[in-house]
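The values are calculated or read from the model by the stated rules, or taken from the named source; none is laboratory data. Please read these numbers as outputs of a predicted model, since none were measured by experiment. As a convention, Cβ positions derive from the backbone with ideal geometry for all residues, glycine included, and neighbour counts pool all protein chains shown. These area figures cover heavy atoms from the full protein model, side chains too; ligands, DNA and RNA do not enter into them. Shrake-Rupley method; radii C 1.70, N 1.55, O 1.52, S 1.80 Å.
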Amino acid sequence: MPVPVSLRLYLPEVWAANDKRRKKVGVPEHVVFREKWRIALDEVKRLKDAGVRFGTVLADAGYGVCGELRNELSSLGLSWAVGVLPNQRVYPTDVTTRMPAPSLRGGNPRKHPVPSHVDQKAADVIEPSEKHPFAA
């Protein structure tokens, strides 16, 4: 059963940068803008360090679009399930990557690996279901 265990204030960047607005509502100076996913990840780490055991970390697509968050959760040894947007690019589970050979024409070497499969939109690979009213 999912249980919310922590809440932290999110201060939008536009608020964080507006001293007049901050003073009007009493936002302390030490409260600064941080991305929502970083706040969430810090809370997960804090709870894990405190001995809380996790089943699966769940998050909506607002967090699911962040590859850094997904990678960090995996590096912590946590299982996770996150929402994705229909246009998010995805690969099959058996995708591999390799660094391409240097070009014979010279130039700068490639910095990013090349995947073994072409990416696709999530909406194109997820089968709609009558059980899920929001499926395409």
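Taking the numbered list (1) surrounded by 11 or more Cβ atoms within 10 Å (Cβ to Cβ); (2) out of contact with any Lys or Arg (no Cβ under 6 Å at 6 or more places or on another chain) in turn, Glu29 passes all entries but (1).
Looking at Glu43, is it part of a loop (DSSP other than H, G, I, E, B) and acidic (Asp, Glu)? No: the conditions fail for Glu43. All conditions in (1) touching a strand residue (DSSP E or B) at 6+ places or on another chain (Cβ under 8 Å); (2) loosely packed, with under 10 Cβ neighbours inside 10 Å hold for Gly83, with the sole exception of (2). For beta carbons closer than 8 Å, sequence separation of 6+ or different chains, a first residue in the range 25-38 that is within 28 Å of Val82 (Cα to Cα) and a second that is open to solvent by 90 Å² or more (accessible area, probe 1.4 Å) and in a helix (DSSP H, G or I), the qualifying pairs are Phe33/Glu13; Trp37/Glu68. Taking the listed residues Arg110, Arg34, the one that is more than 21 Å from the chain's Cα centre (by Cα), of a type outside the set (Val, Ile, Thr) and surrounded by 11 or more Cβ atoms within 10 Å (Cβ to Cβ) is Arg110, with no other qualifying. Within the range 49-72, residues that are among the β-branched types (Val, Ile, Thr) have Cβ atoms under 7 Å from residues that are part of a helix (DSSP H, G or I) in these pairs: Val57/Val44; Val57/Leu73, counting only partners at least 6 apart in sequence or on another chain. Selection of the range 1-26 for residues being open to solvent by less than 60 Å² (accessible area, probe 1.4 Å) and not small (Gly, Ala, Ser) yields Leu11, Pro12, Asn18, Arg22.
The single residue among Glu29, Glu72, Glu68 that is part of a loop (DSSP other than H, G, I, E, B) and either of a type in the set (Asp, Glu) or at pLDDT 95 or above (or both) turns out to be Glu29.
In the set Arg89, Arg70, only one residue is under 18 Å from the mean Cα position of the chain (by Cα), open to solvent by less than 90 Å² (accessible area, probe 1.4 Å) and basic (Lys, Arg); that residue is Arg70. Applying a threshold of 8 Å to beta carbon distances and a minimum spacing of six or more residues, or different chains, the list of pairs starting in the range 84-100 at a residue that is touching a residue at least 40 places away in the same chain (Cβ under 8 Å) and in a loop (DSSP other than H, G, I, E, B) and ending at one that is open to solvent by less than 80 Å² (accessible area, probe 1.4 Å) and of a type in the set (Gly, Ala, Ser) reads Pro86/Ala122; Pro86/Ala123. Taking every residue in the range 7-18 that is among the acidic types (Asp, Glu) and pairing it with any residue that is surrounded by 12 or more Cβ atoms within 10 Å (Cβ to Cβ), at least 6 positions away or on another chain, the pairs with Cβ-Cβ distances below 6 Å are Glu13/Phe33.
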